[in-house]
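The values are calculated or read from the model by the stated rules, or taken from the named source; none is laboratory data. The model shown is predicted, which means the values in this text are computed figures rather than measured ones. Cβ atoms come from the backbone with ideal geometry, glycine included; neighbour counts cover every protein chain shown.
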Amino acid sequence: MAFIEIQNLYKCFKKVVAINRIDLHVQQGEMLTLLGPSGCGKTTTLRCIAGLEKPEEGDIVIDGKPMLSKGFVPPSKRGIGMVFQNYAVWPHMKVISNIVYGLKIQKLAKPKIKEKAAQVLALVGLEGLEDRYPAQLSGGQQQRVALARALVGNPKVLLLDEPLSNLDAKLREELRFEIKNLVRRMGITSVYVTHDQAEAMVISDRIAVMDAGNVVQLGTAQEIYQEPANRFVADFIGTMNFIPGEVVETLKDKDAVYVKTEFSPRLLCHRINHTSDLSGAKVYASIRPEDVEVFPDPPTHMENLFQGTIIHKAYLGNFLNFFVRVKETMIRVQVPHHLPQGEGQELYLFLNPEKCVILP
Amino acid sequence: MSRGNVILAALLWAIIAFFVLYPLSILVLESFKISGTDNWGLNNYVEFFRDTYYLKTFGNTLLLSTLLLLTTTIFGVPLAYILARYRHRGKTVFTALILLPIVLPAFAGVFAFIIFFGKYGTLNLLLMDIGIIEEPVNFIYGLHGLVFIQALHMLPFIVLGLSAGFTNIDPSFEEAAEVEGASGFRRFFTITLPLCTPSYLAGAVLVFLWPFTDWLTPLILGQVDFLPSVSYINISYHFTDVHRKYMGIVATVVSAVVCISLFLLARWWVEKRKYTGLSKGTTSEGRVVEPSPFVRLGAYVFMAFIAVLVLLIPIVLGLSAFSRRWVFEPFPTYWTLENFRLILLESPGLVKNSFLFSGIALLFGIAFGLPAAYLIVRTRVPGKDALDFVITLMLAFPGIAVGVSYLLAFWQGIPLATHWIIMPLALFARRLPYFLRMAHSSYLQLDPSLEEASEVSGAGKIRTFFSISLPLLLKGVLVGVVMFFIMAFQEISTAIFLYRGGWETLPIGIYLNWHRGMEFGIAAAMAFLMIVITFILLMIISRIGGGVLKAAWGAGEN
Ligand SMILES: Nc1ncnc2c1ncn2[C@@H]1O[C@H](COP(=O)(O)OP(=O)(O)OP(=O)(O)O)[C@@H](O)[C@H]1O
Ligand SMILES: [Mg+2]
């Protein structure tokens, strides 16, 4: 049984459906990320887990205890720690008072409070700053206070809502790893919200991609990147060429199909979930720019090889970006090495059938 | 730094020096004069603080201030919370009613409550009729009545500041506490309320200082042993008794010093801890709570209680204005327009004077306020911050102190007080901050690049001001204009020292009618007239779209 079970959760604000009956399981000790574009319901899901929002339907079970179906359990009784997007570090209290606030409510003994506070301060690297007011701290330090406050009570569950979004890029990358290591070390089950795909891929064990109140795909970073469930996921995580077409033939073991596109009568594509005969279906043959191989001269005997014209070429330091026109279709290509061809010149593209997937 | 700006600054400083600094320094100097000699010394102060009567007066005033602050806080905190956080019907109406006293003249409330809560007032008579009580209950004559009447008048200052605080603090501060396990009261007292202290304090200091300013309410209730009332009585009625005169002047200075120092202290404290800058803007509209039916009912009853008390003021004065011989009866029986006929026939000058003096004061206010706002917001002329500071201080300055200092400064030295122009000038000096603050805050919102674009196009500074800035500022300026007019229109504390026969304004007329023991009905009718005029002006503000509350608050406090 999963540590956090979100069952058929439904939440709307007046007419706006924020979460549309989602199911989600988080395993003990796992770090799950909710990833998705702005307004897709990530924060709302997190706030439902925290108990800061009351969903209309569904249940949330934390460590075997239902939070909704057997009477609403208020946030204060859920045993969670939470890091808010804007930190929400109380400005009228010193760092130390911020951190021990929850411990005092639990009526822990004074020496115990002191000990725990010292531990967590060392853990997040805030030693020596305990007597400052938040206004006297940098953004990153305030962030650490928020983290310390969430961790100090040994919560069963840690919830983080875009904790790094207010920091500059450099610090963000640093703290990503820091948070990941810390949470791993403490073994806390955690749910992390972000709309930054790189952050999600670095920090989480599994990612739940959300769109318009639905979880559209759940899996590890690799699964989601390599085998996106639909066009939305493929587009949101990295970039993808979408080539519209129609399935003309499904191969016998059903793990590959031929697709008729504008530039090719038979484009061989890989299938991810191969169960049915798709012949006649309108699909998108999809391939990531870095999976397209390029050749200055045509190699012999190769399927899925097409001639195209370079429309645009851009140098980006560690790789080259091309827009190549094959007949009337524009295909984005990314290569890690130098190519002498310039704009207007010809090129051969190999759309590797193993990497070229069809998406509805 | 252009020369024009420097000249402008010098001009404005000259005006401030002549109409504010000069009279005030005369007041202070006078308080150090040793009577009967040409020497200076601390004698008056020593005498003042040795005299048990004046010490008692000082103590009384402090006591009243404390009780007033306590009462307004006890009522104001829940009220502000309900208005800011509960989702309920009629929010706008309740808010407007509860905040109304801010624009009503203080004396209107006193008269209304004497009629309603007095010994043989409506409430006592009704209760005796029903048989609940046999003897009339003393509802208002005494310290408790004073606290009650002043509290109702000052409650909006607490409610306005706090409810803005409750609305504006970032919801996640409280949510974080909720997650940490703090529920209900604990969260409110450890997080919400402390975060709102700056907004609370801004209003609280004005509440606390009110008993050091309001001489009229104690006087009408027959409780004269408070500093401002003593100042007024000593100076107005015993000017020839040198000892009492000097004690009055010292009392005035002491009040003013208390007001200014507490005001500065509060400002310093608020500046020191402004929490607002820390929270990054969130999308939500603050935390709106859906109260349980029981709590909601309680909230309604509570709000209605305050709203009814406020509504009593115009209603009772209205009843009184349209009737005569309303005594020993719970409600008037004889309806007439006689009161208004008397006002128009016998003292039409009052209404005319009120409009004339406030109008001229307003012209002064605009002529001074617009350039001052420009100078403070848009330039770096040296001394502009000091200018802003002095003008803001006038908010806390007791009206009595302005009146007495004008009396001293413009009577013998510069004989300005022999001409009626002293009346609008004094109103101008007293209400100086109201227009300026409004112009100031709208100026802050005006993007400087709009003006710069005009200058780049070749328009000079003055032309840019009139063709670009002023039209864009118009709304804020108009609201400031009306607010200034309302505040000048009901001014009495300063004017009462300066008027001579024929210069009486409506508030003075009201006071004199009460004081000379003439018929109460006429005073009530005049007060009612003032309320009606104030209402019309408020309508104008809301038509301009400035928002009455913002006008009152923006002009007053922030
Ligand atoms: N208090 C609220 N009242 C009304 N609508 C709300 C409220 N909170 C969220 N919503 C709506 O619910 C939907 C989901 O919002 P949510 O805050 O969960 O998005 P999000 O995925 O966290 O977005 P972001 O990345 O911008 O933070 C949005 O359409 C939003 O407008
Ligand atoms: Mg969000």
* Does residue B:126 satisfy the condition of being among the aliphatic types (A, V, I, L, M), within 30 Å of residue B:513 (Cβ to Cβ) and surrounded by fewer than 18 Cβ atoms within 10 Å (Cβ to Cβ)? -> yes
* Residue tally, condition within 14 Å of chain B (Cβ to nearest Cβ) and more than 16 Å from ligand 2 (Cβ to nearest atom), over segment A:1-24 -> 1
* Structure fact -> Across segment A:31-58, the tally of residues that are at positive phi, more than 7 Å from ligand 1 (Cβ to nearest atom) and within 14 Å of another protein chain (Cβ to nearest Cβ) stands at 1
* **Every pair of residues 6+ apart whose Cβ atoms lie under 6 Å, when the first sits in segment A:192-203 and is within 14 Å of chain B (Cβ to nearest Cβ) and farther than 10 Å from residue A:164 by Cβ while the second is in a strand (DSSP E or B) and within 16 Å of ligand 2 (Cβ to nearest atom)** => A:193/A:34; A:193/A:161
* To do: Only residues that are more than 16 Å from ligand 2 (Cβ to nearest atom), facing another protein chain (nearest Cβ under 9 Å) and either without any contact (Cβ under 8 Å) to a residue 12 or more places away in the chain or part of a loop (DSSP other than H, G, I, E, B) (or both): list them for segment A:80-96, please.
  => A:89, A:90, A:91, A:92, A:93
* Scan segment A:25-54 for residues that are in a loop (DSSP other than H, G, I, E, B) and within 16 Å of ligand 2 (Cβ to nearest atom) and report the count. => 8
* Asked: Mind checking whether some residue in segment B:247-265 is more than 14 Å from chain A (Cβ to nearest Cβ) and at pLDDT below 85?
  -> no
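Every residue, every condition in (1) on the phi > 0 side of the Ramachandran plot; (2) in contact with a Leu (Cβ under 9 Å, 6 or more places away or on another chain); (3) touching a residue at least 60 places away in the same chain (Cβ under 8 Å), yes or no:
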site	(1), (2), (3)
A:103	no, no, no
A:118	no, no, no
A:121	no, yes, no
A:125	yes, no, no
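Results for (1) in contact with a Leu (Cβ under 9 Å, 6 or more places away or on another chain); (2) surrounded by 21 or more Cβ atoms within 10 Å (Cβ to Cβ); (3) more than 24 Å from residue A:61 (Cα to Cα), shown as yes or no for each residue.
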site	(1), (2), (3)
A:195	yes, no, yes
A:212	no, no, no
A:236	yes, yes, yes
A:266	no, no, yes
A:276	no, no, yes
A:279	no, no, yes
A:282	no, no, yes
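Only one of A:70, A:114 is in a loop (DSSP other than H, G, I, E, B), away from ligand 1 (no atom under 16 Å from the Cβ) and either in contact with a Phe, Trp or Tyr (Cβ under 8 Å, 6 or more places away or on another chain) or more than 14 Å from chain B (Cβ to nearest Cβ) (or both). Can you tell me which?
On the way: A:114 fails: in a loop (DSSP other than H, G, I, E, B).
Just a single option satisfies the conditions, and that option is A:70.
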* To do: Please enumerate the residues belonging to segment B:163-183 that are within 10 Å of chain A (Cβ to nearest Cβ) and assigned to a helix (DSSP H, G or I).
  => B:171, B:172, B:173, B:174, B:175, B:176, B:177, B:178, B:179
* To do: Could you check how many residues of segment A:124-167 are within 26 Å of the chain's Cα centre (by Cα) and either among the polar types (S, T, N, Q) or more than 14 Å from chain B (Cβ to nearest Cβ) (or both)?
  => 9
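Test residue B:160 against the stated conditions and say whether it is under 16 Å from residue B:84 (Cα atoms), under 32 Å from the mean Cα position of the chain (by Cα) and away from every other protein chain (no Cβ under 14 Å). Step through it out loud before you land on a result.
Numbers: under 16 Å from residue B:84 (Cα atoms): yes; under 32 Å from the mean Cα position of the chain (by Cα): yes; away from every other protein chain (no Cβ under 14 Å): yes.
It is true that residue B:160 is under 16 Å from residue B:84 (Cα atoms), under 32 Å from the mean Cα position of the chain (by Cα) and away from every other protein chain (no Cβ under 14 Å).
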* Selected residue [within 30 Å of residue B:114 (Cα to Cα) and either within 13 Å of the chain's Cα centre (by Cα) or within 13 Å of chain A (Cβ to nearest Cβ) (or both)] from B:193, B:209 -> B:209
* Asked: Here is a list of conditions, (1) under 19 Å from residue B:273 (Cβ atoms); (2) buried (at least 20 other Cβ atoms within 10 Å of the Cβ); (3) at pLDDT 90 or above, and residue B:189 meets all of them except one; can you say which number that is?
  -> (2)
* Structure fact -> A careful count of residues in segment B:22-42 that are closer than 16 Å to residue B:242 by Cα and not in a loop (DSSP other than H, G, I, E, B) gives 6
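Suppose we filter B:458, B:476 for residues that are modelled with pLDDT under 80 and surrounded by 18 or more Cβ atoms within 10 Å (Cβ to Cβ); which single one remains? If you could, list the steps in order and put the result at the bottom.
On the way: B:458 fails: surrounded by 18 or more Cβ atoms within 10 Å (Cβ to Cβ).
That would be B:476, the only listed residue that is modelled with pLDDT under 80 and surrounded by 18 or more Cβ atoms within 10 Å (Cβ to Cβ).
With B:186, B:244 as the choices, which residue is within 17 Å of residue B:58 (Cα to Cα), assigned by TED's automatic domain parsing to the domain that holds residue B:109, charged (D, E, K, R) and in a helix (DSSP H, G or I)? Give the derivation first.
Values: B:186 fails: within 17 Å of residue B:58 (Cα to Cα).
After ruling out the rest, the residue left standing is B:244.
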* **Selection within segment A:122-176 - within 16 Å of ligand 1 (Cβ to nearest atom) and either of a type in the set (D, E, K, R) or more than 26 Å from residue A:46 (Cα to Cα) (or both)** => A:161, A:162, A:172
* To do: Among what's in segment A:38-65 and is touching a strand residue (DSSP E or B) at 6+ places or on another chain (Cβ under 7 Å) and loosely packed, with under 15 Cβ neighbours inside 10 Å, pick the residue that is nearest to residue A:220 (Cα to Cα).
  => A:57
